[in-house]
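Below is one structure; the comments refer to it alone.
The values are calculated or read from the model by the stated rules, or taken from the named source; none is laboratory data. Being a predicted model, the structure only gives us computed values, none of them experimental. Note: ideal-geometry Cβ built from the backbone for every residue, glycine included; neighbour counts use all protein chains shown. Note: areas computed on protein heavy atoms with side chains; ligands, DNA, RNA excluded. Shrake-Rupley method; radii C 1.70, N 1.55, O 1.52, S 1.80 Å.
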Amino acid sequence: MTTVVPSVDLQLRRDVETDPFDALDEYRDRDPFWAESGDFTEGGFWVITKFEQCREILQDAIAFPTEVLWPTPLLPTMAGPPELQKLRSVVIKHLTRAKVLAMEASIRAHAREYIESFAESGSCDLVSDFAQMYPIAVFCEVFGLAPEARQEFRRLAEGFLHSYHEERDAHWAAIRTIVRNEIEDRRKHPRDDLLTGIATGVIDDDLVDLETGVNLASTVFLGGLDTLPSNLGWSFRYLAVHPEVRQRVIGNPAGVPVMVEEFLRLYSVVAKERRLVGRDLNFHGADMKKGDRLVALMSVANRDEIEFPDSRAADFDRVVNRHMAFGAGPHRCLGSHLARHELAMALTEWHNRIPDYRIADPSGIRYNGGIFAVTTLPLEWEPSALQPRNS
């Protein structure tokens, strides 16, 4: 018999004073259950929390297609096979691991630029002074945007991601206008950047049409501007109160990528993936009907004890770590290689310069319940303890 829950608040309040991961912890390890209310839209929905069940859903885009929420769908996010694979092929060749590794010196330089801007002051808000600045600098370079465009794009992205209705629509329209102009320019004057790759992309032997290119580029742009700052916030919140782990970063930089994977698992900031049920089916005992809404809670699944023993603790020696922080299946995050490398560079470069720091005012930390984020993280350190910058 299916369990029915009156309400599950998956959106949570936007600004909260407590860890939003704890708010969903009570739903761990449950069989699929029905929530009568609590999602973004009217009507009930299925909730999936177990690791293998969430993976099964995300890997099957036919039985569990993405719900198209807007008249103009986000691409490739809201596309389904076979269009999904064709759209992804336009982008993914520009975000391969080899492409990202070729950018290492540049990514490192961006991290150093922002760290140096506040290192001597002895304090910063990790979120506003670093986590929200460094990723957009990197992505503007990948995208092919001029440095002076960073602040405007950040403002528009923040406005879109954290507003509603008419205000959100206005930000989205502004982003699309800028992207449209950039794509039109790239078609006349191609460069070596991601925007050119989208502008000159080919699907079924035809140039990607302008509207599709604008939707695709705008969505890809947004994808890198909220999740990575959130990942950085959670990682540094943990490191600020675990000096022994900071020493591990300093003493073994080669091990930082493994640490990044554990941070991604433990703090999966994209907490949920929405899907529809594509046909009548029985899913692990739940009789689902075509058209039912469904939410896979990855933030909960990534703390499934069956897959991750001692799942609520950070284990930086975890041998098997099949986390779903980047999703799974045909919709898996296109920018996962870039995100991983940016996180590793951030941890390495920060601790090369600022090895010892603390949270200045724990009561001042705030969180966000949409994309799970630390929205303020005041850090402080002794300037006299700074390390000279390694070459």
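Amide H to amide H, with H built 1.01 Å from N, residue 33 comes under 5 Å of 47, counting only residues 5 or more places away or on other chains.
Working from the alpha-carbon coordinates of the stretch 15-75, get Rg over Rh, Rh being the Kirkwood radius. List each step's numbers first, then the result.
Details: Rg = 14.2 Å, Rh = 14.1 Å.
With Rg and the Kirkwood Rh in hand, the quotient comes to 1.01.
The spacing between the stretch 209-281 and the stretch 54-73, judged by their C-alpha centroids, is 20 Å.
What's the carbon and sulfur percent of the stretch 1-136's accessible surface, probe 1.4 angstrom, rounded to a whole number?
Values: 3330 of 6380 Å².
Carbon and sulfur atoms account for 52 percent of the accessible area of the stretch 1-136.
Using 0.36 nm per residue and subtracting the Cα-Cα separation, the extra length available between residue 366 and residue 210 on full extension is 52.1 nm.
Where in the chain are the DSSP H helices whose C-alpha atoms run 18 Å or more along the long axis and whose mean Kyte hydropathy is at least 0.5? Passing helices, by number: 210-223. Dipole orientation for the stretch 61-110: of the candidates 103, 63, 80, 103 has the Cα lying most toward the positive pole (charges on Cβ; Lys, Arg +1; Asp, Glu -1). The trypsin sites (Lys or Arg not before Pro) found in the stretch 79-110 that occupy coil by DSSP, while having at most 15 further C-beta atoms within 10 Å, are 93.
Relative to the 2.2 N^0.38 Å rule of thumb, the stretch 311-364 has a C-alpha radius of gyration ratio of 1.53. The residues of the stretch 232-299 expose on average 37 square angstrom of accessible surface per residue, using a 1.4 Å probe on protein heavy atoms. By its C-alpha gyration tensor, with a ≥ b ≥ c as the square roots of the eigenvalues, how is the stretch 43-83 shaped: rounded for a/c under 1.5, else prolate for a/b larger than b/c, else oblate? Verdict is oblate for the stretch 43-83.
Under 1.5 on a/c is rounded, so check that first for the stretch 1-129, then, if it is not, pick prolate when a/b is larger than b/c and oblate when it is not; a ≥ b ≥ c are the square roots of the alpha carbon gyration tensor eigenvalues. Verdict is oblate for the stretch 1-129.
Segment residue 116..residue 101, full-extension length gain: 3.1 nm, with 0.36 nm per residue of separation and the alpha-carbon distance subtracted. Using a cut-off of 18 Å between alpha-carbon atoms, which lysines can reach residue 188, once sequence neighbours fewer than 8 places away in the same chain are excluded? By straight Cα distance, residue 188 reaches no lysines at all.
The ellipsoid equivalent to the alpha-carbon distribution of the stretch 257-391 has semi-axes of 37, 17, 14 angstrom, derived from the gyration tensor eigenvalues as √(5λ) and listed largest first.
Whole-Å semi-axes of the stretch 295-334's equivalent ellipsoid, largest first, each the root of 5 times a Cα gyration tensor eigenvalue? Could you put the intermediate results ahead of the total?
Details: eigenvalues 78, 30, 12 Å².
So the three semi-axes of the stretch 295-334 are 20, 12, 8 Å.
Rg of the Cα atoms in the stretch 183-273, relative to 2.2 N^0.38 Å, amounts to 1.58. The lysines within cross-link reach of residue 50, meaning a Cα-to-Cα straight distance under 26 Å and a gap of 8 or more places when in the same chain, are 272, 289, 290. Mind listing which chymotrypsin sites (Phe, Trp or Tyr not before Pro) in the stretch 179-237 are in a DSSP loop and have 15 or fewer other Cβ atoms within 10 Å? Within the stretch 179-237, no chymotrypsin sites (Phe, Trp or Tyr not before Pro) qualify (loop, at most 15 other Cβ atoms within 10 Å).
Dividing the helix sum by the residues of the chain, where each DSSP H run of 4 or more adds -39500 (n - 2.57), gives a mean residue ellipticity at 222 nm of -13000 deg cm²/dmol. If R0 is 22 Å, the Cβ-Cβ spacing of residue 167 and residue 72 corresponds to a FRET efficiency of close to 0.80.
For the stretch 350-391, rounded, prolate or oblate, judged on the Cα gyration tensor with a ≥ b ≥ c (square roots of eigenvalues), a/c < 1.5 rounded, else prolate if a/b > b/c? In terms of gyration-tensor shape, oblate.
According to the Cα-based calculation, Rg over Rh for the stretch 94-174 is 1.04, with Rh computed by the Kirkwood formula. Counting only protein heavy atoms and a 1.4 Å probe, the stretch 56-213 has 48 square angstrom of accessible area per residue. With the full set of protein chains in place, find how many percent of the accessible area of the stretch 214-315 is carbon and sulfur; take the probe as 1.4 Å. Of all accessible area on the stretch 214-315, carbon and sulfur atoms account for 52 percent. On the beta carbon distance between residue 7 and residue 384, with R0 = 51 Å, the FRET formula returns roughly 0.45.
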